[in-house]
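First comes the structure, then the notes that go with it.
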Amino acid sequence: MNDINSFLSRLNSIINFSTILPKIILIVGLITIVITDLVNKGKNANFLYKIFLISTLVSMGILFYQLISVIAFEDLYTNNTFNNLFRFFILICSFISVLLSVDYVLCSKISLVEFPLFKISAGLGGMILSCATNLITIYVSLEFLALSSCFLSGYTKRDIRSNEASMKFLLMSGASSSSLLNDFSLLYGFSDGQVQLDNIIDKILFSQYIPIICISAAFILAGTAFKLSLFPFHQWTPDVYEGSPTPVVAFFSVTSKVAALCLFTRLFRLIFPYLSNEWHIVVELLAISSMILGNLIVVTQRSFKRMLAYSSISQIGYVMIGILAADLENGYASMITYRFIYIFMNLGTFARITPFSLRTGSDNIKDYAGLYMKDPVLTFSLVLCLLSLGGIPPLSGFFGKLYLFWHGWKAGLYLSVTVALVTSVISIFYYLKIIKLMLTKTTNLVDTLKTYENQKSLVSSIISTKLKSSVEMAMILCALASTLSGLFMDPIIKITRNTFF
Amino acid sequence: MNLSELIHEFILALIEPGILVGSIGTVSFINTANSAFSLGLVFTCISLLYFALNADFIAAAQLLVYVGAINVLIVFAVMIIDQSVSSDSEKHGIGYFTALGACSILFLTIVCIFHKLNDFYSSSIHQSEYLKLNLFEQNDVQNIGYQLLNKFLVPFELASLLLLVALVGAINPARDEDEGKDIAENKKKSFVSSTSPRDKSSFF
C-alpha cells in the first residue's frame, strides 16, 4: 500500500512537472506515424489513424489533469489557465476533425499517410503557439502551423482548386508573417534586446516612443488579423475554404483560428496596455466591418463551403467583441466560452457536409433540396448545428452569443453589440433558408439527389460501415455538444473565468 | 589614420565595388544564368563584409546559407527553365519612373540616417564606451550554441520538426501517381478483414 502510494505520488509529480508532456506525446505520435508507414510500406492505414487518435486522447487526458492542478513553470512559457484552455481546445479540434477525415481520404484515393502527419504537426504548432511567451517561439510555431495548414489545403493535388487554395494560402500567410516579423524586430530593438514578452514591456519606455509603438501595433494587427480573417485581411478565406478538401477546411476553420485568437489576445494584452484606447477603437472597427461584410455576402453564396467561410468571418467579428470586453473579474470568459461552443457547431456542420459531398460530389446549396426524404438523420443533425450557429434558443449557440453580447454591453461597446445583433438576425435568415430548402418536399428532385440513393447502394457495404462509424461518431458528438452545452453553460463559464493576465 | 584603420578602409574599398558590380549585373544581364551567378557574387561579397566587421558567425552563416543553399537553388531553377535570353524591350513606362522615384527616395533617406548616426556615434564619449565593451574577444559561436540549447530549446527543436514536415510536404505533391493507386487498393483489401470488430450499430 505504501509502495503504491509513493509510486502514485511520484507519477503525480512527473505529470505535474512537465508542461510540455502533452506536446511530447504528440511529437512521439508524429514520429511513430512516419516510422510505421515506412515499415508497413503503405498498408494498414487504419492503424495509423488509431495511433493519431490515441496520442491525441492521451495528451488531452494529461492536459485535463494539469488543468485541474495548478503548476508554476519556467522561462519559455507560463502555465496559466488561459494557455491550458486553448491547448485543450486545439486538441479537441484535432481529434474531431480527424474522425471526420478518415473516410474522405480513403474514398478520394489520395495517399493516406501524410494526412495525419500534417494534422498532428498543425495541432502541435497550435499548441505551442498557445503557450509561447517568447518572440522567437511565437514566430516558429506560427510558421509551423501555417506551413502544415498550407500542405493540408493542397493535399488533393489533382484538383486544381486545391492547388489554387494552397498557393493563395502560402502567399498570404508569407506576407502576413513577414509583417509580424517586422514588428517583432521593432519590439526587439526598442526594448534593448529582450525577447521575452514580459521583459519587453518592462523595458520599453512607452512615453518616449509612442509613434513607434503605434506602428508596431499596426504591424501586429496586420500579421495576426490575417489568420483570424478579420475584415481587410479576409480575402483568402472563401477561396481557400472552397478549394481545400472538406475535412481540411473543418480543421482549419477551428484550429488555426483558436491558435490565432490566443496569439492576438496575448500580444495585444501584454504589449500595449497603455494604448488600450487606441487599439480598442481599431479592433472595434474591424469587428464591425467583419460582421457586416460576412453576414451580407453570405446571402449571395451558392456553395456551402463558401457560405461557411463568410459565416466564419462574421463569427470572428462577434468574438472580437469578447476580446474587447475583457475585464478583471471575468477575464476572457465570454470569448473562450463562445469559442468552445463554436468549435462544436462548426465541426458539426462540416461533419454533415463531408458525407454529403462524398456521396453526391457536389457542394451547391441547391442540391440539398429535399434532403429530408433521403437522409433524415443527416438533415436533422445539420438543422441542429445550423440553428446553433445562428443563435436560436435553446441551443448552445444562443447561450454563447447571449453571454458575449451581455458582456459587451456591460463593457460599454454599444455600437458593436447593436451591429452584432442586427447581423445575427441576417445570418439566422440565411440559415433558415437552407433549412427550409432541406426540409421541404419537392416534386421534381434535383438530379444530384436522384443519384444520392444510387451511390449509397453502389458503395460496398464495408466502406459504408466504415463511413458510418467514425463520421457518425463525430456527428453525434458535435450535435450533442452543440445542443447540450447551453445547459452546462455555468460550469464552463466558471472555468474560463480566471483567465485575465 | 593609423595602419590598422588604413587596412580596414582598403579592404572595405575592395569589397564594396564587388557588391555594386554584382547587383548591377544581376539586374541588367540579359542571360538569366549570368544574373544568377552575379547574385552569387553579391552574397559572397556581403559575407566578406561581415568578416571585415568582425562578425564571424554571421559571415559563415551567410556563406553557407545564402551562397551555398539559396544561390545554388536559384541557379538550379534558372538552368531548369532553360530560357537563355529574356526578350525585354527597353520601354520606360510609368512603372519604371515610379520605381525609380521610390528607390531614390529610399536611398536618400538611408543616406541621411547614416550621416546623422555617424555624427552621433563618432563623438569620443561613445567610442570609449564601445572600447569598454570589449567586443573583440567574444566567442560568438559558443554563445549562440549555449543560448540555443538553453533558453531557446523549444523553438530549436520545433524548427527541426518544421524541416521534417516541410520535406514531407514538399515531396507529397511532387510524387508519382501510380503509387497512390496501388496503396489505395491494398488498403481496401485490408479493410475487409479489419472492419468487422469496428462495426458500430447501423444508424440508418
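Measuring nothing but protein heavy atoms, the accessible surface of region A:303-443 at 1.4 Å probe radius is 72 percent carbon and sulfur.
The simple Förster model, with R0 at 51 Å and r as the Cβ-Cβ distance, assigns residue B:24 and residue B:175 a FRET efficiency of 0.80. When +1 charges are put on Lys and Arg Cβ atoms and -1 charges on Asp and Glu Cβ atoms, the dipole computed for region A:275-345 relative to its Cα centre reaches about 580 debye.
Which shape class applies to region A:202-355: rounded if a/c is under 1.5, otherwise prolate when a/b exceeds b/c and oblate if not, where a ≥ b ≥ c are the square roots of the Cα gyration tensor eigenvalues? Prolate, since a/c reaches 1.5 and a/b exceeds b/c.
Per the accessible-area calculation with a 1.4 Å probe, the total area buried between chain A and chain B rounds to 3900 Å².
Across the accessible surface of region A:209-274, with the other protein chains kept in place and a 1.4 Å probe, carbon and sulfur atoms take up 70 percent. Mind running the shape call on region A:297-375? Use the C-alpha gyration tensor, a ≥ b ≥ c as the square roots of the eigenvalues: rounded below 1.5 for a/c, prolate if a/b tops b/c, oblate otherwise. Prolate, since a/c reaches 1.5 and a/b exceeds b/c. For region A:343-436, the solvent-accessible area works out to 35 Å² per residue, with a probe of 1.4 Å and every protein chain left in place. When the surface is traced with a 1.4 Å probe over the full set of protein chains, residue A:236 keeps roughly 10 Å² accessible.
The calculated FRET efficiency for the pair residue A:277 and residue A:208, based on their C-beta separation and a Förster distance of 25 Å, comes to about 0.85. Taken over the alpha carbons of region B:5-105 as equal point scatterers, the Debye sum produces base-10 log I(q)/I(0) values at 0.10, 0.13, 0.19 Å⁻¹ of -0.38, -0.61, -1.01. If R0 is taken as 56 Å, the Cβ-Cβ distance between residue A:300 and residue B:96 corresponds to a FRET efficiency of 0.85. In the full protein context, region A:228-327 carries 24 Å² of accessible surface per residue, based on a 1.4 Å probe and ignoring ligands, DNA and RNA. Heavy-atom surface analysis with a 1.4 Å probe gives region B:8-49 a carbon and sulfur content of 79 percent of its accessible area. Working note: Karplus 6.51/-1.76/1.60 with θ = phi - 60° gives region A:424-430 the couplings 4, 5, 4, 5, 4, 4, 5 Hz, where Gly and Pro are set to x.
Rounded, prolate or oblate: which fits region B:1-50 when a ≥ b ≥ c are the square roots of the eigenvalues of the alpha-carbon gyration tensor, with rounded for a/c under 1.5 and prolate only if a/b beats b/c? Here region B:1-50 falls in the prolate category.
The values are calculated or read from the model by the stated rules, or taken from the named source; none is laboratory data. Quick caveat: nothing in here was measured; it's all calculated off a predicted structure. Ideal geometry is used to build each Cβ from the backbone, glycine not excepted, and the neighbour counts take in all protein chains shown. Ligands, DNA and RNA are stripped out before the accessible areas are found, and what is left, the full protein with its side chains, is counted by its heavy atoms. Shrake-Rupley method; radii C 1.70, N 1.55, O 1.52, S 1.80 Å.
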